[in-house]
Amino acid sequence: MRVVGRSVPRQEGLDKARGAARYVDDLRFPGMLHARTIRTTIPRGELLGVRLGFDPNGFTIVDHRDVPGRNVVALIQEDQPFLVEREVRHAEEAVLLLAHEDKETLATARVDLEYRREEPVLDPERSSHAFKQIAIGKGDLGRGFAQADLVVEGEYRTGRQEHVAIEPQGVIAVPSADGMTVIGSLQCPFYVQKALAVLLGLPPQSVRVVQAETGGGFGGKEDYPSIVAGHAALLARKAGRPVKLVYDRLEEMAATTKRHPSIVRHRTGVARDGRLTALEIEVLFDGGAYCTLSPVVLSRGCLHATGPYSCDNVSVRGRVVRTNTPPCGAFRGFGAPQTVFAAEVQMERVAEALGMDPVRLRERNALRPGDTTATGQRLGEDASALAVLREAVKRSGYHHKRRAWRGTGRGIGLALFHHGAGFTGSGEVMLASRAALELTPRGARVLVASTEMGQGARTTLAQIVAEALGVPLGRIEVAEPDTARVPDSGPTVASRTCMVVGRLLEACALEMKARLGGLSPAAYLKRHGPLTITRQYEPPPRGAWDDSTYRGDAYGTFGWGCTVAEVELDPVSYELRPTRVTAVAEIGRAVNPLMAAGQVEGGTAQGLGFALLEEVVMRDGRMANAQLTNYLVPTTLDTPPIDVTILESPYRRGPFGAKGIGEMPMSGPGPAVANAARSLGLDVRCLPITPERVLECASSSTESVPTSTRRR
Amino acid sequence: MRFVLNGKRADVDAPPLKRLLDVLREDCGLTGTKEGCGEGECGACTVLVDGVPVNACLVPFAHARGRRVTTIEGVRGRAAAAFAREGGTQCGICTPGVVMAAATLGPRPTAARVRAALAGNLCRCTGYAGIVRALAGRRAAPRPRVLAASRAAKTTRG
């Protein structure tokens with residue numbers, strides 16, 4: 001009766017497909033009010049006055065003076081207020097909150113803000129304030145460049161990206177005599193609890209946070225729900241009634257976090273035989289107006305900046321800076337898709353400079369078991385760069401297509417990458433996550449704060465427990481994430497849930513099985529009473545991370561991926577259309593192969609959007625295209641067939657060998673598509689590759705762009 | 001105002017310019033129809049009016065007078081099970097709209113027909129692969145492969 005490794009259907013799949021699953025906007029409470037946020041319209045200045053242009057009768061109105069605790073969003077730095085007091089640091093910053101029982105009345109209420117405007121900093125290269133700087137060094141860069149036969153330099157840029165979870169941000173706050181309950185669309189219940197305790201001046205246990213069914217997260221519901229929940233809670237507290245705050249699409253796009261825009265510069269030394277001798281890399285991220293999670297996004301970006309390659313002499317220097325734009329935050333990949341884009345286009349250009357096959361150059365330098373990374377982490381037997389590269393190249397027919405398509409309007413390109421699974425550095429040690437398993441008459445109930453947001457956590461965690469406990473899957477329940485009932489198993493981010501929380505649950509299940517000693521759950525409960533097993537994360541025995549020197553094991557382990565993109569250039573519209581993608585991912589063990597593949601398929605599609613379509617246009621520090629009409633995400637017709645192969649190379653410290661997977665697929669399509677464009681003679685160094693960019697590249701390119709497209 | 005809702009006669013008192021989406025969710029209590037964008041781009045609110053898929057966020061309630069409106073709650077058949085089985089639903093917020101838009105496809109559609117019929121439905125989770133598998137079948141859209149890394153290709157010769 002093996003259940004790990006089987007593609008069992010998603011637990012809540014039928015409810016979702018029948019429209020029976022209940023999301024936050026589907027819930028109503030007696031006496032509930034609706035809420036709205038009044039926001040700044042200038043990027044920088046001083047707020048001088050707020051004028052109400054409506055009859056306040058029947059409204060609940062909240063500003064910063066209604067904060068009972070501290071007006072800061074508790075996260076890494078306490079620099080961001082829930083509500084503007086005087087200083088305006090970006091447009092779309094919340095100033096005033098309104099609640100009313102009638103949505104129409106609420107929508108028509110007019111508020112005028114008066115400011116003194118200051119000159120904003122909108123260009124990250126001109127910002128003088130860094131939230132975080134990082135330096136990673138290995139070997140001797142001077143010696144590395146001295147050994148080089150060739151030096152290749154390049155600058156690469158990527159823009160903001162919006163998550164576009166189809167369900168926008170939303171919460172309902174329900175006040176009680178001694179605290180606050182929040183039900184919401186969110187990834188990290190305990191983050192929200194912590195932020196609300198500080199805002200409301202309450203002990204954490206007086207704030208109860210419950211996750212509703214969540215319609216997509218992708219990082220957009222990692223840190224931002226703390227703000228939405230805080231606003232709803234302030235209104236609910238003042239009104240003494242439940243308050244629902246659900247964003248519409250425009251507000252969701254204009255005001256919430258984005259993927260950090262990046263500028264990455266490479267200087268690469270390479271020997272004639274293709275061996276990398278020196279990698280000098282500079283990373284600049286635009287963090288927006290407040291710190292949010294920027295330091296850790298930068299950290300992950302820098303730790304993936306070399307790509308999955310071995311080199312003795314490395315310098316990576318990174319900065320994330322402040323500008324007067326809405327803050328950037330977590331987004332699937334968390335800094336890595338930006339730096340992997342730069343690394344993999346640079347690799348392609350190094351191969352061109354050497355006149356070497358780009359696959360051979362990558363094979364020559366790919367990290368192998370026993371190699372050490374830039375931080376000195378020695379890789380285990382599950383270092384699978386070569387396996388994913390070779391499988392993807394063979395499966396896609398890369399070499400044949402590259403030859404056959406020369407001189408046509410069709411192109412093919414690839415990207416090789418890895419992705420650290422779990423929190424960076426000492427993050428997991430500091431989180432010290434706890435997971436629990438409670439014996440029930442039929443089997444067991446999983447108690448974790450890890451959230452289901454579409455990725456399949458609810459089902460895969462149940463599979464791990466069923467397998468370890470040796471009971472049918474149908475006897476395992478997963479409790480609703482509710483801070484009043486479950487231990488803090490950490491945030492549902494960083495591709496950590498299956499690997500880290502799953503491992504804790506595996507240990508709980510094994511101990512529970514031993515305690516049962518052959519008794520059925522019902523018989524045990526009758527004889528001995530209730531049984532709950534709790535396990536806490538234990539640091540690995542070696543490779544401790546040093547945050548001050550950036551040396552040691554940056555991650556427990558890495559997943560490995562290779563993406564091959566095939567594209568066609570429309571000679572009339574200059575659209576670059578993906579026609580097929582081959583994606584190979586090594587993830588340790590696929591607990592649920594179809595769900596694992598679903599992460600690769602979905603991440604690849606989101607990566608294709610990042611590569612080709614998704615462009616946030618900023619005007620005076622505000623998103624000018626905050627609608628799905630002109631911020632384009634891939635439709636069925638923009639997304640080609642994606643051929644997925646999952647490779648398994650078990651990781652010793654993952655449940656049944658599983659590693660993380662969720663974020664990694666996001667890194668491949670950007671550089672793979674850019675490299676496919678290169679094979680068409682387009683020197684693309686910037687994402688997204690819109691028709692306008694293709695036109696620019698075509699007119700600046702020395703080679704002519706093929707003007708005819710030969711169809712198969 | 002009278003109309004036929006999921007095969008039964010309905011009489012709902014709501015303003016004629018209220019969005020059909022809000023009438024269904026608030027006045028009829030049918031929350032299976034979701035709001036994703038409110039601008040007719042994402043298709044999460046797709047319902048059938050006289051058998052034709054429409055975005056309920058763009059349709060005023062007056063438009064439903066005397067017509068047959070079908071929502072996800074009125075759909076029977078095997079589609080839901082296929083979505084659950086083939087990975088056609090992840091976060092699930094787009095799924096009711098996708099199922100409704102696909103309701104007009106006949107039996108055993110090709111992958112190309114499925115893609116054309118669903119071009120107005122955004123899904124941010126699946127890359128549409130599981131959706132195409134659920135509707136066109138595994139022959140038209142194969143499931144992914146799983147291999148031991150040790151059995152992966154040893155060379156790059158295609």
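When the protein assembly as shown is described by a simple charge dipole with +1 on each Lys and Arg Cβ and -1 on each Asp and Glu Cβ, the residue from A:57, A:180, A:603 located farthest towards its positive end is A:603. Rounded to the nearest 20, the size of the Cβ-charge dipole of chain A about its Cα centre is 1740 debye, with Lys and Arg at +1 and Asp and Glu at -1. Averaging the Cα positions of each part gives two centres, and for the stretch A:131-166 and the stretch A:182-197 these lie 35 Å apart.
The alpha carbons of the stretch B:2-74 occupy a box of 29, 23, 20 Å along the principal axes, longest dimension given first. Only Cα pairs under 8 Å and 6+ residues apart enter the sum, and on that basis the relative contact order of the stretch B:2-74 stands at 40 percent.
Note on residue A:659: lysines with a C-alpha under 26 Å away, same-chain residues under 8 apart excluded, are A:221, A:394, A:513, B:154. With the helix formula -39500 (n - 2.57) applied to DSSP H stretches of n ≥ 4, chain A reaches a computed 222 nm mean residue ellipticity of -8000 deg cm²/dmol. Extension gain, residue A:143 to residue A:104, is 7.2 nm, computed as 0.36 nm per intervening residue step minus the present C-alpha separation. The orientation-averaged projection of the convex hull spanning the C-alpha atoms of the protein assembly as shown amounts to 35.8 square nanometres. Reducing the stretch A:277-313 and the stretch A:14-76 to their Cα centroids gives an inter-centroid distance of 35 Å. Placing +1 on each Lys and Arg Cβ and -1 on each Asp and Glu Cβ, with no other charges, gives the stretch B:2-74 a dipole about its Cα centre of roughly 320 debye. Between A:476, A:243, A:292, the Cα set farthest toward the positive side of the dipole of the protein assembly as shown (charges on each charged residue's Cβ, about the Cα centre) is that of A:476.
Equivalent ellipsoid of the stretch A:259-418: semi-axes from √(5λ) of the C-alpha gyration tensor, largest first, are 29, 19, 15 Å.
In this Cβ point-charge picture (+1 for Lys and Arg, -1 for Asp and Glu), the stretch B:1-131 has a dipole of about 500 debye about its Cα centre. For residue A:260, the residues 5 or more places off, or on other chains, whose built amide H falls under 5 Å of its own are A:329. Within the P(r) computed for the stretch B:72-158, what percentage of the Cα pairs occupies the region above 17 Å? Above the 17 Å cut-off, the stretch B:72-158 has 50 percent of its Cα pairs.
Its relative contact order, with pairs defined as Cα atoms under 8 Å and 6+ residues apart, puts chain A at 16 percent. For residue A:309, the residues whose amide H sits under 5 Å from its own are A:367, ignoring neighbours fewer than 5 places away on the same chain, with H placed 1.01 Å from N. Around the amide H of residue A:575, modelled in the peptide plane, lie the amide H atoms of A:570, all under 5 Å away and 5 or more residues distant in sequence or on another chain. Reported to the nearest whole Å, the Cα centre-to-centre distance from the stretch B:35-64 to the stretch A:437-460 is 35.
Computed from the Kirkwood radius of its Cα pairs, the Stokes-Einstein diffusion coefficient for the stretch A:1-89 at 37 °C and 0.692 mPa s stands at 178 µm²/s.
Which percent, to the nearest 5, of DSSP beta bridges fully inside chain A are antiparallel? Around 75 percent of the beta bridges assigned by DSSP in chain A are antiparallel ones. If R₀ is 41 angstrom, what is the calculated FRET efficiency for the pair residue A:55 and residue B:1, using the beta carbon separation as r and rounding to 0.05? Using R0 = 41 Å, I get an efficiency of 0.85.
Under the combined filter of DSSP loop state and at most 13 neighbouring Cβ atoms within 10 Å, the stretch B:51-123 retains these trypsin sites (Lys or Arg not before Pro): B:65, B:76, B:78.
Any idea which of B:40, A:441, A:43 is furthest toward the positive side of the dipole for the protein assembly as shown, if Lys and Arg beta-carbons carry +1 and Asp and Glu beta-carbons -1? Positive-most Cα among the choices belongs to A:441.
If R₀ is 35 angstrom, what is the calculated FRET efficiency for the pair residue A:153 and residue A:549, using the beta carbon separation as r and rounding to 0.05? Efficiency at R0 = 35 Å is approximately 0.80.
When the Cα gyration tensor is reduced to axis lengths a ≥ b ≥ c, the ratio a/c is 1.5 or higher for chain B, and with a/b above b/c it is classed as prolate.
Every read-out reported here was derived from the displayed coordinates using simple, explicitly stated rules and does not represent laboratory data. Every value quoted in this text rests on a predicted model; they were computed, and no experiment measured them. Every residue, glycine among them, receives a Cβ derived from its backbone with ideal geometry; neighbour counts consider all protein chains shown.
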